[in-house]
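This report refers to the structure that appears directly beneath it.
The values are calculated or read from the model by the stated rules, or taken from the named source; none is laboratory data. Every value quoted in this text rests on a predicted model; they were computed, and no experiment measured them. Don't worry about glycine lacking a Cβ; one is built from the backbone with ideal geometry, like all the others, and counts go over all protein chains shown. Accessible surface areas use protein heavy atoms only, side chains included; no ligands, DNA or RNA. Shrake-Rupley method; radii C 1.70, N 1.55, O 1.52, S 1.80 Å.
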Amino acid sequence: MDATYHYPALSAKKLREALKIGREIGIKVTVPNAYDLSLDDERRVQEELLRIHEKPFFADKEEINRVKNFTESVVGDEYRIIENLADCYWEENLYDCNGICEWCTEKLFMDLKGNIYVCCINATYRIGNIFEANNFMDIWNNETYIKIRSLFYEGKFPGFCDNCQFVLNGSLRHVDNKNLDSGFKNRRHISKFYKEYTEGGTIG
């Protein structure tokens with residue numbers, strides 16, 4: 001499994017740049033304790049960049065098909081409705097938040113079919129699919145991810161976070177769960193499918 005902590009010099013350089021930009025435009029940037037920002041070695045940065053780019057994410061289409069066939073044999077027919085998060089209702093009437101969730105800045109949840117979600121709790125609302133993308137960064141920096149992070153920076157929980165057990169049990173490192181609005185404990189329906197079904201839309 002690949003991760004940014006495998007490239008400490010490059011991560012430190014980019015995080016320092018992010019902190020600088022954050023100060024310039026007035027956005028608080030939170031850096032996980034696992035990263036050593038004092039590491040300043042351009043030679044190592046270039047070596048790490050070469051390591052990242054020396055191999056493609058997938059070797060060829062045959063490899064993609066092998067992965068798809070294997071996961072299909074494991075997962076079989078889809079057992080739940082998968083919706084695109086961008087089509088759902090989670091940007092209005094939001095609760096106040098102090099901090100930012102590491103699930104949208106450090107990691108993600110991906111199922112065996114390559115669908116990518118913000119986290120395991122919201123694993124029915126996908127943000128993209130790794131098999132359909134040219135590059136992972138096309139998903140990681142797409143409009144939906146940018147909107148999610150922007151809401152946190154604006155001091156708001158995205159609507160799909162309501163009743164999040166990670167928030168309620170205090171397991172998120174950078175989110176303060178004190179003084180939560182009482183309504184936050186109620187799970188909201190953000191599903192486009194649910195809305196159309198319950199409001200007599202075209203879904204039967």
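Among the residues making up region 1-32, those that are among the charged types (D, E, K, R) and in a helix (DSSP H, G or I) are K13, K14, R16, E17, K20, R23, E24. Per the listing T124, T198, the residue uniquely β-branched (V, I, T), open to solvent by 50 Å² or more (accessible area, probe 1.4 Å) and at pLDDT below 95 is T198. Criterion first (β-branched (V, I, T), closer than 30 Å to R23 by Cα and either out of contact with any helix residue (DSSP H, G or I) (no Cβ under 7 Å at 6 or more places or on another chain) or modelled with pLDDT of 90 or more (or both)) does I139 satisfy it? Yes. Listed by first and then second residue, the pairs linking a residue in region 18-36 that is of a type in the set (G, A, S) and at pLDDT 85 or above to a residue that is open to solvent by 50 Å² or more (accessible area, probe 1.4 Å) and in a loop (DSSP other than H, G, I, E, B), with Cβ atoms under 9 Å apart and 6 or more places separating them unless they lie on different chains, are G22/K28.
Report yes if I116 is crowded, with 18+ Cβ neighbours inside 10 Å, assigned to a strand (DSSP E or B) and under 10 Å from the mean Cα position of the chain (by Cα), otherwise no. Against the criterion (crowded, with 18+ Cβ neighbours inside 10 Å, assigned to a strand (DSSP E or B) and under 10 Å from the mean Cα position of the chain (by Cα)), I116 qualifies. Among residues of region 88-104 that are in contact (Cβ under 8 Å) with a residue 60 or more places away in the chain and more than 10 Å from K156 (Cβ to Cβ), those with a beta-carbon under 8 Å from a residue that is open to solvent by 20 Å² or more (accessible area, probe 1.4 Å) and acidic (D, E) at least six positions away or on a different chain give the pairs N98/D176; G99/D176. Within region 128-151, the residues that satisfy the criterion of being touching an Asp or Glu at 6+ places or on another chain (Cβ under 8 Å) and either open to solvent by less than 30 Å² (accessible area, probe 1.4 Å) or under 25 Å from F70 (Cβ atoms) (or both) are G128, L151. Just one residue in the set I52, I82, I130, I64 is among the hydrophobic types (A, V, I, L, M, F, W, C), out of contact with any Leu (no Cβ under 7 Å at 6 or more places or on another chain), modelled with pLDDT under 95 and over 30 Å from P158 (Cβ atoms); that residue is I64.
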